[in-house]
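S.K.: So that we are looking at the same thing, I have put the structure below in structure tokens.
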């Protein structure tokens, strides 16, 4: 269902977010690293505002488009993120972490990487640093259960809050 400008304006005034319909255009993601061995992140990748850790390499264009649509809703473009794998997380430990966020997509990934206390819905500090880590739903879970998108939106608002502090 497509909303007209009046409907969008009304929803915006009420503070109700509207996610944009994804186009069919393919979006390339050059920074996906799916290997378990650490791969040195470049200086440019280390200077990103937001790192995203996903369960596995983005295998479908649908998951890739969903990721970019989610991040675009809070003003994060593809150029401002780096996709990391668990083996690369220690490289982020020594960085100045003010106004930087690690978004982990998948509860099981977060818990296997950081322990059972790292859960979705709240911000965590990890790795003996001030790096803010926020956990949300895995992309596959969001595609399979669209009703979780409202909760994912809350997680994204948390990401936005920590990026602009």
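The values are calculated or read from the model by the stated rules, or taken from the named source; none is laboratory data. None of these values were measured; they are calculated from a predicted model. All Cβ positions, even for glycine, are placed from backbone atoms using ideal geometry, and neighbour counts span all protein chains on display.
S.K.: Return the residue satisfying two criteria in turn: it lies in segment 49-69 and is in a loop (DSSP other than H, G, I, E, B) and touching a helix residue (DSSP H, G or I) at 6+ places or on another chain (Cβ under 6 Å), and of such residues it is modelled with the highest pLDDT. Please lay out each step first, then the result.
M.R.: Step one: filter segment 49-69 for residues in a loop (DSSP other than H, G, I, E, B), giving 49, 55-60.
Keeping just the survivors that are touching a helix residue (DSSP H, G or I) at 6+ places or on another chain (Cβ under 6 Å) gives 49, 55, 58.
Details: 49: 81, 55: 73, 58: 64.
It comes out as 49.
S.K.: Scan segment 126-161 for residues that are in contact (Cβ under 8 Å) with a residue 40 or more places away in the chain and farther than 20 Å from residue 115 by Cβ and jot them down.
M.R.: Of everything in segment 126-161, those that are in contact (Cβ under 8 Å) with a residue 40 or more places away in the chain and farther than 20 Å from residue 115 by Cβ turn out to be 139, 140, 142, 143, 149, 152, 153, 156, 157, 159, 160.
S.K.: Additional query: Checking residue 67 against (1) farther than 30 Å from residue 16 by Cβ; (2) in contact with a strand residue (DSSP E or B) (Cβ under 8 Å, 6 or more places away or on another chain), only one condition comes out false. Which one?
M.R.: Of everything listed in (1) farther than 30 Å from residue 16 by Cβ; (2) in contact with a strand residue (DSSP E or B) (Cβ under 8 Å, 6 or more places away or on another chain), residue 67 misses just condition (1).
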